[in-house]
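Okay, so here's the structure we're looking at.
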Amino acid sequence: MTDAKDERRPAGELEASVMAVLWAAGAPRTPGQVQRSLGAELARTTVTTILTRLHDKGVVERSRQGRGYAYYPVQDAHGLTARRMHSELDRDTDRETVLARFVAQLSPQDERVLRDLLEPGER
C-alpha cells in the first residue's frame, strides 16, 4: 500500500505550476480554468486553496467573476524571484553579513552583472 504522504508533490511545486498557468494565460483565470490548464488529477477545491494561499502571500490578485474570483499574477517570474530574495534578506537581522556572504558566493559573471547594475556609468 502506498502512503498518501509519499504521493504528495514537493513543497511549492503546485504553486509553481499554478503560477506558470497564470503567466501563460495573460488574463485572469478562475480556479476551474486553472484546473483544466494543469491537466492534472487535481480537485478544483485544491486549486482554489492554492490560489487563495497565493493571494494571501500577495503573489496574485483577484477580481470578482460571478460568485467567485478570477486570479492574475502581480509580477512576472523574475519579479517574483526578486521578491523572494528580498523576503529572505528581511528574515535576518544582520543584513550586511548576509549581503557580504551572498556577494562572496557569486560567480565572476554574476559579480560583473551586479557591478554593472550598481555602477551604471562606470563602463
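The values are calculated or read from the model by the stated rules, or taken from the named source; none is laboratory data. Because the structure is a prediction, the values reported are computed rather than measured. For neighbour counting, all protein chains shown are included, and Cβ atoms are generated from backbone atoms with ideal geometry for every residue, glycine included. Surface areas here come from the heavy atoms of the whole protein model, side chains and all, with no ligands, DNA or RNA. Shrake-Rupley method; radii C 1.70, N 1.55, O 1.52, S 1.80 Å.
Listed peptides 101-107, 57-63 appear in the order 57-63, 101-107 once ranked by packing, highest mean of other Cβ atoms within 10 Å at the front.
Under 5 Å from the amide H of residue 65 lie the amide H atoms of 70, each residue being 5 or more positions distant or on a separate chain, with H modelled from the backbone and absent for Pro and chain starts. Expressed per residue, the C-alpha convex hull volume of the chain stands at 186 Å³. Under 5 Å between amide hydrogens, built in the peptide plane, is the criterion, and for residue 74 it picks out 60, 61 among residues at least 5 positions away or on other chains.
Calculate the dipole size of the chain relative to its Cα centre from +1 charges on Lys and Arg beta carbons and -1 charges on Asp and Glu beta carbons; express the result in debye to the nearest 20.
Details: 19 positive and 19 negative charges, 147 e Å.
With only Lys, Arg, Asp and Glu charged at Cβ, the dipole is about 700 debye.
Overall, the stretch 3-73 carries a charge dipole of about 380 debye about its Cα centre when +1 sits on the Cβ of Lys and Arg and -1 on the Cβ of Asp and Glu, all other atoms neutral. For the listed peptides 26-35, 87-96, a ranking on the average number of other beta carbons within 10 Å per residue, highest first, reads 26-35, 87-96. Over the chain, DSSP H runs of length four or greater, each weighted -39,500 (n - 2.57), average out per residue to a 222 nm ellipticity of -17000 deg cm²/dmol.
Enter the angle in degrees (range 0 to 90, nearest 10) between the Cα long axis of helix 44-56 and the first principal axis of the Cα atoms of the chain, meaning the one along which they spread out most. Approximately 30 degrees, to the nearest ten.
Distance between the C-alpha centres of the stretch 7-56 and the stretch 87-109: 31 Å, rounded to the whole angstrom.
Can you give me the % of accessible surface on the chain that is carbon or sulfur? Probe 1.4 Å, all protein chains present, nothing else counted. Intermediate values should be presented prior to the final figure.
On the way: 4580 of 9330 Å².
Carbon and sulfur together cover 49 percent of it.
Taking label positions 7 Å along the Cα-Cβ direction at both residue 98 and residue 67, the computed distance is 4.4 nm, reported to one decimal. Taking amide H positions as placed 1.01 Å from N in the peptide plane, with prolines and chain starts having none, which residues 5 or more places from residue 30, or on another chain, fall under 5 Å of its amide H? Amide H neighbours of residue 30: 71.
Before I look further, what does the chain give for accessible area per residue, probe 1.4 Å, in whole square angstrom? Write down the numbers at each step before the final one.
Working: 9330 Å² over 123 residues.
Roughly 76 Å² per residue, with all protein chains present.
Inter-label distance, residue 109 to residue 84: 2.0 nm, where each label sits 7 Å from its Cα along the C-beta direction.
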